[in-house]
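The values are calculated or read from the model by the stated rules, or taken from the named source; none is laboratory data. Since the structure is predicted, the reported quantities are computational estimates derived from the model, not experimental observations. In this analysis, Cβ positions are derived from the backbone assuming ideal geometry, glycine residues included, and neighbour counts consider all displayed protein chains.
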C-alpha cells in the first residue's frame, strides 16, 4: 500500500523531499512490522509450549492417579505417544491460531483497501476468499481422517517395541524371538502404511491449496491489470493492487497451514480426551461414606495394629489375619493369586470387602490404603538412582535391617560403590535376583502395618531364598505379613498356610501338615 502511495505522491510528482519523507515512513513501517512479528511469534510460541507442557502434565497426572484406569487397554508406548506427540500437536494449535487470526486480519485490510481503490477488485476478494477458505477446509478433511489412525498406529508400534525391549530376557528364555519379531513387524508395517497414507493426504492437500491460491491470485491480477489499462485506477493503485494480490499468497498459505494443524489437533485432542476421561479402575469410596479420609499420618507406626480382614477375595476365599500374623497363600491357579494381589493392592474394583483394624479400606483414598496395606509385586519396578536411594525411598529410618533381611546387603557388597552404586532405570544394570532382593528390601524398609509379598524370590537360588524367608519372618515379627507364593522356603517360615483351589479355600494349616496333601505338594514351585 505504501509503495503505491510513494509512486503517486513522490515518484510521479518528481518531488525529492516528498520521496525522502515517504521512504522514511516506509522504513518505519518495516520496523513496526518486524517488531509485531517478533513479539507475536514469541507470544504464540509461549502459548504453544505452555499448552504442550500443561497437557503432558495432565496426561501424566491421570496415568499416575492412584485410582488407575487410564492404562486399561493401552500399552505404555501408547500412553507415551499421547503425552508427547499428541500433546505437541495440540500445542501447535495454540501457535497456529494467532497466525490464522493475523492472516484473516491481513486479508480484511487488503479487501478494504481494494474496495476503496476499486470496488470490482474488492468484491472479487470478498467473494472469492470465503469460497477459497471453504474449499481449503473441505480439502483438509481427508488429512484429519488419516491423522488419527496414523497416530494410533504409531503409538501401537511404540508400545509393542517398548514391551519387546522390556521383556527381551524373558523372550530369549522362551525362545520366542521369532514370534515377537513377527508381531513387531506387523505393527511397524501398519504404522508405516498409516503414515504414508497421511503423508500422501498432506501432499495432495498442500498441492491443492497452492493451486487454488495461484488461480485466485491470477484472477485478481488479471482484473486489476485490465482496470489500470482502462484508466479506472492509477499507476500507484495498480502497483498496490498487484502487491496486495502477491501479498495475499502468504495469508492464504498460512490459513491452509493453520487448517491442517487444526485437523491434526482435533484428532490428537480426541486421543488425549480419551485418556483423561478414562473411567477409574478403583472406587474412591463406598456408598454411605463418600468422603475419603485425610492425608497419611507422618509415621507408618501410627497407621494401626495391622488386623486385616478380606472377605470375598475370590468366589470362596476369606482371609482373617490377626495383628502380627505371618500367613502364606498358595494358589493352584496363578490367575487366582494375581486376582488376590490386585484386590489387596486396590488396582481393580471387586465385590470383596477388605477392612484394616475395622476400617473399610474402600473408604480410604487409594494412596492411604496402599500405604497401610503395601503390596510388593514380584515384578516391582526399580527407578534410577543409587542402591541406598532405591531401598530408602519409602523408609523413615535406617535401611540396614531391611537390606540384611532381604540379603540385599550382599548385592551392595558386590557392586563397585556399595550403597552408592548407581541403579539404572528399571534396574536393568542388575540381575533378576539382585532386582528382586532390592525390591523386597524396599518393601521391608517401608515397614507398613500389613505387607503383602507376591512371589518375591522367584529369581533367587534356594539357599539364599531360605535365608531371606528367615530374615523376613524375623524383621516382620509383630507386623502382619501375607505371602502369596508357592516357594516351600517362604511358606515354611509362615505361621499358617491357606491353600486355594479353583477360587475356593481347599485346606488350611501349617506348611508341614499340608505337605501330606498331594494336591498341595503339586501346587508348590
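Listing for the model above:
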quantity: Scan of the stretch 218-253 for residues that are under 18 Å from residue 207 (Cβ atoms) and either surrounded by 18 or more Cβ atoms within 10 Å (Cβ to Cβ) or without any contact (Cβ under 8 Å) to a residue 40 or more places away in the chain (or both), ordered by number; calculated: 218, 249, 252
quantity: Where a residue in the stretch 333-348 is assigned by TED's automatic domain parsing to the domain that holds residue 498 and its partner, wherever it lies, is assigned to a helix (DSSP H, G or I) and surrounded by fewer than 22 Cβ atoms within 10 Å (Cβ to Cβ), with Cβ under 6 Å and at least six apart; calculated: 348/342
quantity: Residues that are outside any strand (DSSP E or B) and farther than 14 Å from residue 311 by Cα, drawn from the stretch 358-374; calculated: 363, 364, 365, 366, 367, 368, 369, 370, 371, 372
quantity: Which listed residue is over 30 Å from residue 84 (Cα atoms) and in a helix (DSSP H, G or I), from 29, 48; calculated: 29
quantity: Qualifying residues in the stretch 369-388 (those that are more than 23 Å from residue 342 (Cα to Cα) and in contact with a helix residue (DSSP H, G or I) (Cβ under 9 Å, 6 or more places away or on another chain)) - the one surrounded by the most Cβ atoms within 10 Å (Cβ to Cβ); calculated: 387
quantity: Of all residues making up the stretch 12-47, the number that are without any contact (Cβ under 8 Å) to a residue 24 or more places away in the chain and more than 57 Å from the chain's Cα centre (by Cα); calculated: 9
quantity: Entirely in the stretch 407-513, the helices (runs of 4 or more DSSP H) that have 2 or more residues that are touching a helix residue (DSSP H, G or I) at 6+ places or on another chain (Cβ under 7 Å), at pLDDT below 95 and over 15 Å from residue 326 (Cβ atoms); calculated: 409-414, 432-446, 462-475
quantity: Those residues of the stretch 70-90 which are within 23 Å of residue 348 (Cα to Cα) and in contact with a helix residue (DSSP H, G or I) (Cβ under 8 Å, 6 or more places away or on another chain), in sequence order; calculated: 70, 71, 74, 75, 76, 77, 78, 79, 80
quantity: Sole exception among (1) outside the structural domain of residue 499 (by TED's automatic domain parsing); (2) more than 34 Å from the chain's Cα centre (by Cα) for residue 384, by number; calculated: (2)
quantity: The listed residue being closer than 18 Å to residue 386 by Cβ, out of contact with any strand residue (DSSP E or B) (no Cβ under 6 Å at 6 or more places or on another chain), surrounded by fewer than 21 Cβ atoms within 10 Å (Cβ to Cβ) and touching a residue at least 40 places away in the same chain (Cβ under 8 Å), out of 432, 418, 427, 478; calculated: 427
quantity: When residues of the stretch 389-400 are limited to those that are modelled with pLDDT under 85 and either in the same structural domain as residue 356 (by TED's automatic domain parsing) or more than 25 Å from residue 490 (Cβ to Cβ) (or both), the one surrounded by the most Cβ atoms within 10 Å (Cβ to Cβ); calculated: 396
quantity: Candidates 260, 231, 256, 186, filtered to the one that is assigned to a helix (DSSP H, G or I) and more than 22 Å from residue 97 (Cα to Cα); calculated: 186
quantity: Search result, residues across the stretch 375-389 that are part of a helix (DSSP H, G or I) and in contact with a strand residue (DSSP E or B) (Cβ under 9 Å, 6 or more places away or on another chain); calculated: 387, 389
quantity: Residue list for the stretch 267-310, filter: modelled with pLDDT of 55 or more and touching a strand residue (DSSP E or B) at 6+ places or on another chain (Cβ under 9 Å); calculated: 304, 305, 306, 307, 308, 309, 310
quantity: Residues of the stretch 103-118 satisfying the condition of being modelled with pLDDT of 85 or more, over 15 Å from residue 130 (Cβ atoms) and crowded, with 17+ Cβ neighbours inside 10 Å; calculated: 106
quantity: Out of 67, 74, 56, sole residue that is over 21 Å from residue 234 (Cβ atoms) and either without any contact (Cβ under 8 Å) to a residue 24 or more places away in the chain or part of a helix (DSSP H, G or I) (or both); calculated: 56
quantity: Residues satisfying the stated conditions in the stretch 48-89, i.e. more than 13 Å from the chain's Cα centre (by Cα), surrounded by fewer than 18 Cβ atoms within 10 Å (Cβ to Cβ) and over 30 Å from residue 374 (Cβ atoms); calculated: 49, 50
